[in-house]
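Below is one structure, written out as structure tokens; the observations come after it.
The values are calculated or read from the model by the stated rules, or taken from the named source; none is laboratory data. What you are looking at is a predicted structure, and each value in this text was computed from that prediction instead of being measured. Using ideal geometry, Cβ is built from the backbone for each residue, glycine included, and neighbour counts are taken over all protein chains shown.
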There are 4 protein chains.
Amino acid sequence: MSMTGVLRPGHAAIRVLDLEQGVNFYKNVLGLLETGRDNQGRVYFKAWDERDHNSLVIRQADRPGIDFFAFKVQSKAVLEKLDADLKAYGVTTERIPAGEMLHTGERVRFKIPTGHLIELYAEKTDVGNGMPYVNPETWVPDLKGIAPVRMDHCLLYGGDIDATRKLFEEVLGFSLVERILMEDGKTDLAIWLTCSIKAHDIAFVRHPEDGKLHHVSFLLESWEQVLKAADLMSMNRVSIDMGPTRHGVTRGTTIYAFDPSGNRFETFCGGYQWYPDMQPITWTFDNVGAGVFYHDRKLNPAFLAVVT
Amino acid sequence: MSMTGVLRPGHAAIRVLDLEQGVNFYKNVLGLLETGRDNQGRVYFKAWDERDHNSLVIRQADRPGIDFFAFKVQSKAVLEKLDADLKAYGVTTERIPAGEMLHTGERVRFKIPTGHLIELYAEKTDVGNGMPYVNPETWVPDLKGIAPVRMDHCLLYGGDIDATRKLFEEVLGFSLVERILMEDGKTDLAIWLTCSIKAHDIAFVRHPEDGKLHHVSFLLESWEQVLKAADLMSMNRVSIDMGPTRHGVTRGTTIYAFDPSGNRFETFCGGYQWYPDMQPITWTFDNVGAGVFYHDRKLNPAFLAVVT
Amino acid sequence: MSMTGVLRPGHAAIRVLDLEQGVNFYKNVLGLLETGRDNQGRVYFKAWDERDHNSLVIRQADRPGIDFFAFKVQSKAVLEKLDADLKAYGVTTERIPAGEMLHTGERVRFKIPTGHLIELYAEKTDVGNGMPYVNPETWVPDLKGIAPVRMDHCLLYGGDIDATRKLFEEVLGFSLVERILMEDGKTDLAIWLTCSIKAHDIAFVRHPEDGKLHHVSFLLESWEQVLKAADLMSMNRVSIDMGPTRHGVTRGTTIYAFDPSGNRFETFCGGYQWYPDMQPITWTFDNVGAGVFYHDRKLNPAFLAVVT
Amino acid sequence: MSMTGVLRPGHAAIRVLDLEQGVNFYKNVLGLLETGRDNQGRVYFKAWDERDHNSLVIRQADRPGIDFFAFKVQSKAVLEKLDADLKAYGVTTERIPAGEMLHTGERVRFKIPTGHLIELYAEKTDVGNGMPYVNPETWVPDLKGIAPVRMDHCLLYGGDIDATRKLFEEVLGFSLVERILMEDGKTDLAIWLTCSIKAHDIAFVRHPEDGKLHHVSFLLESWEQVLKAADLMSMNRVSIDMGPTRHGVTRGTTIYAFDPSGNRFETFCGGYQWYPDMQPITWTFDNVGAGVFYHDRKLNPAFLAVVT
């Protein structure tokens, strides 16, 4: 197999301040499909073109933020191997039994040096993308809201992004795609990592407080869909942080905005295909603005400051 | 590593009837960059966003068609392993020394059951994509012609696509993404295979004559670029076979057209991301039209008949 | 006023073979809004961004085709003046009383030399575009189907297009924007006329039989919407005549397809802005293919032959 | 004629601080075509799809801003009539002889109540759009820079926009398309006026100082071209004021940015078609943000403050 080990981002578990307000937002404004609710009160969503049962889970809490972020791996054998590799690397792992999340197999959970809980799992029910595996159409009409194609990646903030990068590279098989350097010209301010040929599957920014969420990102299919997303955000009075614009990093086009609880999310499109024979792209500190927001070539104040 | 083994399509070697006519077409109309000529009279091209020295090579001959199609692999160690695996599988391989093609390392060449010559290699000079690895811009202005992002895949016609599929799956680590069945409901008429998360890296159609080329395909970044490509084809009196339209298979938007020597090429955009936990999508024979040309839902006469 | 006299195409009255099949098509596939039914059994539709009550009216009949096509004029005074001008020009006009069509004022109806019934009217109820005149949003979400912005123009086939052109120019104030010449290099095969700065508000093709409809055309906002329209046609098994492609004439991007009764319609986007200081663009007979279908540079057989 | 009187914006005369810097910007970054230089040292430009000799004229001066803005009228007879109408209305007019501007006929110049010089003229040499009137292609390849289709409109700042509006409506035949009200709910803060079916041909904002320029605007053909424009601005280190975004007013998508002398310009796309049977759209003061920048629903500080 050429795609091996960790496949892709699988689910993000997010805290919202008001559950029904959150459900309304993620269903009717972002346009995910609600796929279930569990006896812990969590509500499950998937993007329309995802086949697995869920990719976003929300629960009500007294502060926003992220509980955990998970990757799907190739098989149960790979899950066992990665669990062993993590332990061998010195990482404490925990097993969450199958079924603890709806339609989701056993999960291996561990804390990374930036303080976030990451999970691996091999099984989630294929509930389909609304089109059959035989003679499908090309998309599903009459979707509500922004209707992204899939949950694509997240950007997390925490202290020791160096050790986190090392863990993702050495144990989980991720590769460094792009980096922004700090003023010293050596230390990473931010790193973008991939486990596939996508320009990023997860990213980290160095930040004094551990375990913080910058954004969960959802994939759109065109720049015109990015415009439609911005229009729908305006119609629904969603607070836009930045965009529509383009990132220098990954070249993707993007909007950052906030859910009703203050969690930032991204709707984005594009970005180049990465292969492991590429060198990482490096942004020096004086170009951090262009790296993050390519058109304005400067950061907006919220980018570094506002996280949940 | 999560991307292992075979990375991606690397180069296609095409025969043209008139070299300078071919050079003019691939440079000024398709908009590739000419990167060199060798002492065999071959001319080398790359697409602007490719970093390796070449992805298309043309030579003058008395009939059009494809000489060989190559994949880049992860490393020299992988190259050695795959060569050994091929031999163990019963495939005769040949070594082409480094430098036989400009800026290209040693190649392992072998004939597949459909009669085509396939090559693997691990090294090709990174000549860059016109932008530095440090603080790059997002694209290169003032390109000529259609200017695709990269050479993406090819579709080959030959007899024993079953054995070819088995070889690509069992030795080279490819996966079946989509298939079109023949009237018997069992035999594959066409197969799409991937070595990454792209919906296809190579495809085959069952055909009475071995070793034939249906098309080499070049990636564009948007449906608007597909329109621009069609406009430029008209301005340059390029013979369009079909499109702009959409494929049902892969969902990509597309134009098929012919180079001045009669070799079909494709300029396309889009298609979903494939992961190995998906089942293959199957098109039954009565839906072959929709699978190939989604809008018209019928084949044009040339699709099955015209190959080089 | 700089826009005076005839404002724009106002309504098209089309015959369908099965009323409810037609209603379903125009409402759910083309995505017009049904705005009423009258006691003659006619069903009224408008496009979402039109403010007037109706722009398409269908009735059941034993053969498809067009009953009449109408233009809205600036005021009742203009209506009276144009009626007088028509009579002075030798055209017999008929008055259809206000209310004969729902929410539509008095109409002046007359037959043009190509055998079609044309109407002028000054009043149709502004029922709005789903957004208020005060602090509107920019579009209306959750529309069904293709959802064009407006009914834009029609192309009619008939014998004496020279006299029809003369009448539109000399009495109604239209201008010739583009023309395709016949093999003699002098006679018009086709003419495109405007009453605004649109590249066309009505067009005619010379044809042995009078009073025929080639297509009624609906405006989309982008080439991506043209793709979405083609996709929806495929999903709904609409018979596509040609496209997505581009016209040389007007430069618009386009799809021609057929309603369930065999009436051709167009969904299109784009085209340049015309001003009366431009000369008409002329297409010679050897370039008729490029004029009609710019990418293929040849007519499809149905373009000249299939009308209703 | 249905399009009568004033046809469209014809030319804008802009002051720059450094002529060659300005020439480089308007030619290589904005992508206009330089069409001439006169013995006053003025440099003339046109957008590629304009047929008339010039639409932008720049001269070197010690402060940026606009010298005059002109409209082309239908004929010399219309020019004479409008001059007479202006005088009858109490406006002092001046005749600028033919040839004072290159390839431009006699101009009627007058000062409007907001302190700006407006010109009317009937003749400017049709130098073509790079494509013949017979069998043209659909666009011109290998253009440099942003390459807008045409100079489209301008937004001017001055005191008495009420009297200016009255003059444009009552003498020049313009119509009010949209307005933003001040806090009193009665007074216009801003007005958008058209002389065609475009959503605006000129606009005014109430401002303490007369004769100021907010921006000259250039038309692009798609939202993707707006993205490309923003990318090129970044590559050329153009200072972007706002965008890519959408206006609520006119619904157009837009970028505001500054030329090297500090004159704001706009590259925009879209907007609805206006007809005189529409009521003006009104934005109340509490919605001024959404009217100007639809996505953020708030003004940026520069919008009202920075003019030249």
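The residues of the range B:240-250 include none that are within 14 Å of chain A (Cβ to nearest Cβ) and under 30 Å from B:L19 (Cα atoms).
Among the residues making up the range D:84-129, those that are small (G, A, S), away from chain C (no Cβ under 13 Å) and closer than 18 Å to D:T35 by Cα are D:A98, D:G99.
For the range D:86-101, the tally of residues that are more than 21 Å from D:I202 (Cβ to Cβ) and in a loop (DSSP other than H, G, I, E, B) stands at 4. One residue is enough: does the range B:35-45 have a residue meeting the conditions over 15 Å from B:D152 (Cα atoms), aliphatic (A, V, I, L, M) and part of a loop (DSSP other than H, G, I, E, B)? No, because not a single residue in the range B:35-45 is over 15 Å from B:D152 (Cα atoms), aliphatic (A, V, I, L, M) and part of a loop (DSSP other than H, G, I, E, B).
From the list B:S196, B:S222, which one is without any contact (Cβ under 8 Å) to a residue 60 or more places away in the chain and either more than 26 Å from B:I112 (Cβ to Cβ) or not aliphatic (A, V, I, L, M) (or both)? Give the steps one after another, and end with the answer.
On the way: B:S196 fails: without any contact (Cβ under 8 Å) to a residue 60 or more places away in the chain.
Answer to the selection: B:S222.
Return a yes/no flag: does the range A:238-247 have any residue that is at pLDDT below 95, in contact with a Phe, Trp or Tyr (Cβ under 8 Å, 6 or more places away or on another chain), more than 30 Å from B:K72 (Cβ to Cβ) and surrounded by fewer than 18 Cβ atoms within 10 Å (Cβ to Cβ). Checking the range A:238-247: not a single residue is at pLDDT below 95, in contact with a Phe, Trp or Tyr (Cβ under 8 Å, 6 or more places away or on another chain), more than 30 Å from B:K72 (Cβ to Cβ) and surrounded by fewer than 18 Cβ atoms within 10 Å (Cβ to Cβ). Screening C:T253 against (1) more than 16 Å from the chain's Cα centre (by Cα); (2) closer than 23 Å to B:D241 by Cβ; (3) surrounded by 19 or more Cβ atoms within 10 Å (Cβ to Cβ); (4) within 12 Å of chain D (Cβ to nearest Cβ) leaves a single unmet condition, (1). Of everything listed in (1) in contact with a strand residue (DSSP E or B) (Cβ under 8 Å, 6 or more places away or on another chain); (2) at the interface with another protein chain (Cβ under 9 Å from one of its Cβ atoms), the single unmet condition for B:R237 is (1). Considered as a group, the residues in the range A:1-55 that are hydrophobic (A, V, I, L, M, F, W, C), touching a Lys or Arg at 6+ places or on another chain (Cβ under 7 Å) and in contact (Cβ under 8 Å) with a residue 60 or more places away in the chain include one that is nearest to B:G5 (Cα to Cα), and that residue is A:L7. Every condition in (1) within 14 Å of another protein chain (Cβ to nearest Cβ); (2) touching an Asp or Glu at 6+ places or on another chain (Cβ under 7 Å) holds for B:G185 except the one numbered (2).
Could you tell me whether any residue of the range A:115-136 is in contact with a strand residue (DSSP E or B) (Cβ under 9 Å, 6 or more places away or on another chain), assigned by TED's automatic domain parsing to the domain that holds A:D49, touching a residue at least 60 places away in the same chain (Cβ under 8 Å) and on the phi > 0 side of the Ramachandran plot? Yes, the range A:115-136 has at least one match. Going through (1) surrounded by fewer than 18 Cβ atoms within 10 Å (Cβ to Cβ); (2) outside the structural domain of C:Y44 (by TED's automatic domain parsing) one by one, C:I96 falls short only on (2).
C:E178 meets all of the listed conditions (1) part of a loop (DSSP other than H, G, I, E, B); (2) within 11 Å of another protein chain (Cβ to nearest Cβ); (3) surrounded by 20 or more Cβ atoms within 10 Å (Cβ to Cβ) but one, namely (1). Summed over the range A:17-34, the residues that are outside any helix (DSSP H, G or I), buried (at least 20 other Cβ atoms within 10 Å of the Cβ) and among the aliphatic types (A, V, I, L, M) give a count of 3.
Listed residues A:D52, A:D67; which is farther than 30 Å from B:L172 by Cβ and out of contact with any Gly (no Cβ under 6 Å at 6 or more places or on another chain)? Steps first, answer last, please.
Values: A:D52 fails: farther than 30 Å from B:L172 by Cβ.
Result of the check over A:D52, A:D67: A:D67.
In the range C:265-295, of all residues being surrounded by fewer than 21 Cβ atoms within 10 Å (Cβ to Cβ) and charged (D, E, K, R), the one that is nearest to the other protein chains (Cβ to nearest Cβ) corresponds to C:D277. Answer yes if at least one residue in the range C:194-203 is surrounded by fewer than 19 Cβ atoms within 10 Å (Cβ to Cβ) and either of a type in the set (S, T, N, Q) or within 19 Å of the chain's Cα centre (by Cα) (or both), and no otherwise. No: the range C:194-203 contains no residue that is surrounded by fewer than 19 Cβ atoms within 10 Å (Cβ to Cβ) and either of a type in the set (S, T, N, Q) or within 19 Å of the chain's Cα centre (by Cα) (or both).
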